[in-house]
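Notes for the one structure printed next.
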Amino acid sequence: MSAVAVLWSRMRKEKAAYLFILPSVLLFLLFVLYPLVRSFVLGFQEANLVSAKWVGLANYIEILQDPRFHTALINTMLFVVFLVPTVVFMSYFVALRLAPLTSRWQTYFRAAFYLPVVVSGVMISMIWLWIFNPVYGLLNTVVGFFGVKPVAWMGYRGTLYWLMVVVFTFNFGVPLIIYMAAINNIPEELYEAARIDGAGKRTVNWKITWPLLKPSTFFLFVTQTVAVFQTWVVIQLLTNGGPAHSTETIVFQIYMDAFWYNQYGRASAMGMILLVIIVFLTLAQKLYAGDDVSY
Amino acid sequence: MLTVTNELKQGSVREKISFGVVLFLVFLLSLVFIFPFYWMLKGAFQPSSMAMEVPPHFFPVKLTLDNFVKLFTKTQAMRWFLNTFIVAGSACVLTILIGSMGGYAFAKKKFPGREPIFWVLLTAMMLPKQVMLIPLYIMMNKYGLYDTYPGMFLPMVAWPLGLFLFRQFMQGIPDALLDAARIDGAGEFATFRHVILPMCTSALATVGILYFVNTWNDYMWQLIITKSTNMATLSVGISKVTRTESAVDYGLLMAGATFGSFFIGAAFLFFQKYFVRGITMGAVKG
C-alpha cells in the first residue's frame, strides 16, 4: 500500500474524531483564523465597509510617523512597565501574608480582591467616574481634608496614573488567587526542614517559596502583559482618550480608527503592530525565564 | 480574642507586631477594592439629588427606590438584562457542547493531523482579540448578523479556550475506561455521552461559568456589533446612559451599575469555587 492509502485508511478509521472536532474547527476558521488573515491583508489597504484599495505599506509608514501613535505606544508601555511588575509582586507578597490566616479571613480577602475581577468593568468604571468627578466626586472631598485644592482627576497630566489605579484593581485578583493556590501546594516538609536548619522567615521566602513559584510567576508575567496591553474599558469610559489624546493606548486607537473614523486599513495595520509587539514580548519573556518553565 | 492566624502563636512579640502591621496594610488595600461597591450601593439607594452634594455624606441618610423606578421606566434595563442573559447563555451552552466534543477528540483520539491542527488553535489563542474585530465586523454586516444575537455570541464560542481546557481535563481520563466501553459495543457518540461527559461535570461547570461571565462582562465587541437600544446588553446600555444625557444622573447610573453587577455578584457568592477555577484559567479583562 502506498503512503497515501495508509494515511487514508487511518483517517477513515478515525472518522468519528473528525466529526467531533468539526464544529470547533469550522467556527475557528470562520470567526478567528479568517479574520486574522483578513486583518493582515487589510493592513495593506485603504478600506471601509464597502470598498478596499491596495496601498502597500502606506498605512504602516503613516502610523509609525504619527505623533498620536507615539503617544499611544509610550502610554501602553508605561501601563505595562508600571502595572505588570506591581500587580505580580504585590500579589505575591499579599498571598504570602494571607497564607497563615484562618480560612474565614482568607475567604474575606479572596472575595474582596476578586470582586472587581468578576463584576463587569463597565459597572466599576461608572463608579470611579463618579468618585473622580471634579465637582461631585468623593476623591476631591477626601483630598480637601488635607488642604488640597479640587483636582480634575480625569483631565490633567497625571490622569494616566489614576487610570492605572483602577486597572490595578481589575488585574490584581487573578494573580493573587493563583499565588495563594501555589503556596498551598508547597509541601510542608520543605518548610520544616528549613526551620530545623535555622532559616529565618525572610530566608524561607526568598530561598524556598519564591524559587518554587517561578513557573507561576512566569505564567503571570506573560498573561498580565497581554491583559494590560488590552486595557480599554477604563480608558473608553473614564477619559475617552483625553485630555487631548494624552491617555490613548494602542488598543484604544485601533478601536477609534476603526469604529469612529472608519479607517479599517490603518486600524488593521495598527492591530498587526500590536500583535508583533505582544508575540515579541511573550517570546522574550520565555527566553529570559529559561526552559524549565512551561505553560 | 479574634483569631486571625493559625500559626505564629509562639513567635516573638516583634514578629507578631510586624505581622499585624503588614496585615493591617493589606486590609486597607482590600478596602480600595470593595469601597467602590459600597459607594455604588449608597448612590443607588439615596435620592439622586444627594449625589450632587458637596461634601457628600459618607453614610446614607435617606433611603429610596426612586433611582430603580427611574431605571426600569425611563430606560430599557429589563430588556438589556434579557439580551445579556440570552447572549451569555447561548455562548455558555454552545461552548459546552462544541468545546467538550472537540476537547475529547484532541485528548483521546489519535488521528492524522491532530498535532498541527491543535498547534494552530493554541497559537491563535495567544493573539490579541482586538486584531480580529474589524474583519469580523465587516463579515457580520455582510451576512446580516449585525445587531443580532448570533452576531454577538458566535465569535465568543469560536474562541478555542474552552476546547483547550476540556482537552486538558479529559487527558486525565484513563484509556482503560474507553477500551471497556468499546468492548461492550458502545458506539463513539454513546461512549462520549455516557462515559466521558458524566466524568467531566466539574469541567463542564467551570468552562460554562467562565464563558458565561466573560460574555456577560464583554463590552468592546458588544458595543461594535449592536446598534439599536433594543439589542443593547447591560454593559452597552448602561454605559450609554452617561453619553445620552448632558448632565450625568449619578443616582440613576449607580442604580444601573447595581443592577448590572447584581446577577454576576450573587452568582459569584454561590459558585465561588467554579468562578475562581475558571477565571484563573483564562481571564483577561478587556
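The values are calculated or read from the model by the stated rules, or taken from the named source; none is laboratory data. No experiment lies behind these values; they were computed from the predicted model shown. Here the Cβ is made from the backbone with ideal geometry for all residues, glycine too, and neighbour counts use every protein chain on show.
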query: Do we have any residue at all in segment B:276-286 that's assigned by TED's automatic domain parsing to the domain that holds B:MET156, modelled with pLDDT of 90 or more and either out of contact with any Lys or Arg (no Cβ under 9 Å at 6 or more places or on another chain) or surrounded by fewer than 24 Cβ atoms within 10 Å (Cβ to Cβ) (or both)?
result: no
field: Hits in segment B:202-240 (condition: within 11 Å of chain A (Cβ to nearest Cβ) and either charged (D, E, K, R) or touching a strand residue (DSSP E or B) at 6+ places or on another chain (Cβ under 8 Å) (or both))
entry: B:ASP218, B:LYS240
statement: For helices (runs of 4 or more DSSP H) lying entirely in segment A:1-92, having 2 or more residues that are within 14 Å of chain B (Cβ to nearest Cβ), within 26 Å of the chain's Cα centre (by Cα) and more than 30 Å from B:PHE189 (Cα to Cα) picks out A:34-42
task: Return a yes/no flag: does segment A:211-229 have any residue that is assigned to a loop (DSSP other than H, G, I, E, B) and more than 12 Å from every other protein chain (Cβ to nearest Cβ).
output: yes
field: Selected residue (criterion: farthest from A:TYR136 (Cα to Cα)) from residues of segment B:39-78 that are facing chain A (nearest Cβ under 10 Å) and not in a helix (DSSP H, G or I)
entry: B:PHE58
- prompt: Within segment B:143-155, how many residues are at negative phi and either among the polar types (S, T, N, Q) or more than 9 Å from chain A (Cβ to nearest Cβ) (or both)?
  reply: 9
- line: Checking B:ILE117, B:ILE96 in turn, the sole residue that is within 11 Å of chain A (Cβ to nearest Cβ) and either free of Cβ contacts under 8 Å to residues at least 60 places away in the same chain or at negative phi (or both) turns out to be B:ILE117
message: For segment A:139-161, give me the residue count where each residue is surrounded by 20 or more Cβ atoms within 10 Å (Cβ to Cβ), in a helix (DSSP H, G or I) and under 25 Å from the mean Cα position of the chain (by Cα).
response: 1
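One line per residue, one yes/no per condition, for (1) aliphatic (A, V, I, L, M); (2) touching a residue at least 24 places away in the same chain (Cβ under 8 Å):
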site	(1), (2)
B:THR123	no, no
B:MET126	yes, no
B:GLN130	no, yes
B:LEU133	yes, yes
B:MET140	yes, yes
B:MET156	yes, yes
- line: Scanning segment A:193-205 residue by residue, those more than 26 Å from A:THR107 (Cα to Cα) and either touching a residue at least 40 places away in the same chain (Cβ under 8 Å) or not basic (Lys, Arg) (or both) turn out to be A:ALA193, A:ALA194, A:ILE196, A:ASP197, A:GLY198, A:ALA199, A:GLY200, A:THR203
